[in-house]
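Computed from the coordinates by the stated procedures, all read-outs in this text should not be read as laboratory data. Everything quoted here is computed from the prediction, not taken from an experiment. Glycine also receives a Cβ, built like all others from the backbone with ideal geometry; neighbour counts cover every protein chain displayed.
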Amino acid sequence: MTAPSQPSPTPSRQTRGLRTGLDSDPAKQSVVPPIHMSTNYAFRGLDGRGEYDYSRSGNPTRDLLGEALATLEHGTDTVVTTSGMAAVTLCINSFVPTAGRVVAPHDCYGGTWRQLHWLAEKGQLSVDFVDLTDPEAARAALSAPADLVLLETPSNPLLRLTDIETVAELSHAAGAVVVADNTFCSPLLQRPLELGADIVLHSTTKFINGHSDVIGGAVISRDPDHAQRLAGWANCLGLTAGAFDSYLVLRGLRTLDARIRVHEANTRAVVDLLAGHPAVTRLHHPSLPEHPGHELAVRQQVGGFGSLLSFELAGGMPAVHAFVANLQVALLAESLGGVESLVCHPATMTHASMPPEVQQAAGITNSLVRMSVGIEGIDDLVADLRHGLDAAGRA
């Protein structure tokens, strides 16, 4: 007699998210879901509108990516956008009324700072840039009403950490919607919605896609009402991503877990190198016990410390020039989260839109270098970085 079959164990959210769409094609039973490039969809009569009508409003390929990201972030729904900055734009337009108030990190990404600064100059909103890693500064800023609070943790480029749970509680008491940029960690290392954030946004260009070949963004909601508002504004403003970009990001997402594990392992070796090299005067990474946010990272970043780090070189700009000129494996380029290792100079690259006094207040100096650790062979990467650091030390 054949023994009765036992029910299969239910896959985790992580596995379900990374496998979203596989074996879902009813027409041809393809393993990988087909890409739907059509911009429009036929009606079966005036009262015969189907699930989709126009791809700015809805697209099957984009919806699969959105479903995967909502699963991974433990959210309700996702709006997939054309870029990370489109995701920021969508949140501002959805939740900040005319002359509304935004609270943002004093050291936020340069593109975010520029958008908020320009909108404030136009009188469209008011913005306070606050050190949200300081509980007292956060408490003081949020003692007054606010409409939107933006969080970036870890921060770019100094890897400062904000206590999401604490700041979310203060923000809600001030009447604000809390938006957490989770680009640096990805959903596998940190889940802000479980810590009290209302919205999570990503530049999917980075870790989620992981291959530096598509620009994209995403906004994931905890509350269905927020999701509906975001979807309406995204359609109105034309911020939704195209089918092919969504297909590429979904393809990249499937290897996120494997890539993150190698990123993390390589970063441990790079941190060890930098911590012991005489050309490096300061090293910023949450894995270090002396990092001010180390204990918070242990509690809040459930999957690891991340593969972004920054460091200062003793010789200032001449040392930075010598360092980057002597690299062959790591590339000098903006962006992060790809399979390749990248270094950049925040003061003249990612944060160049900030005036010098704003950079100084945020702790961005000319001697600061940011690095996104890739998944190359670690021996090659360490040798390359050591060669660059040795040259920096002689500069």
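Odds and ends about this structure:
- The angle between the Cα long axis of helix 60-73 and the longest principal axis of the Cα atoms of the chain comes to about 60 degrees, rounded to the nearest 10.
- Annotation: amide H of Val127 within the under-5 Å range of Val102, sequence separation 5 or more or interchain, hydrogens built in the peptide plane.
- Packing-based ranking, highest mean first, of 87-96, 345-354, 284-293 given that Cβ atoms within 10 Å are counted: 87-96, 345-354, 284-293
- Distant-in-sequence amide H partners of Val177 (H built 1.01 Å from N, under 5 Å): Leu148, Val149
- Shown in residue order for the range 93-98 are the 3J(HN,Hα) couplings computed by the Karplus curve 6.51 cos²θ - 1.76 cosθ + 1.60 at θ = phi - 60°: 5, 7, 10, 10, x, 4 Hz (x for Gly and Pro).
- The range 41-139 - Rg over Rh from alpha carbon coordinates, Kirkwood radius: 1.12
- Rounded tilt (10° steps) of 316-325 against the dominant C-alpha axis of the chain: 60
- Among Leu195, Ala347, Leu332 - extreme Cα towards positive end, dipole of the chain, charges at beta-carbon: Leu332
- Relative packing of 178-186, 312-320, which averages over residues the other C-beta atoms within 10 Å, highest first: 178-186, 312-320
- Between the alpha-carbon centres of the range 31-100 and the range 274-344 there is a gap of 35 Å.
- Sparse packing (at most 14 other Cβ atoms within 10 Å of the Cβ) combined with a DSSP loop state is found for the following GluC sites (Glu not before Pro) in the range 1-109: Glu51.
- Net charge dipole size for the range 13-253 [Lys, Arg +1 and Asp, Glu -1 on Cβ; Debye, nearest 20]: 640
- Rounded to 10°, Cα long-axis angle of helix 243-253 versus longest principal axis of the chain: 60
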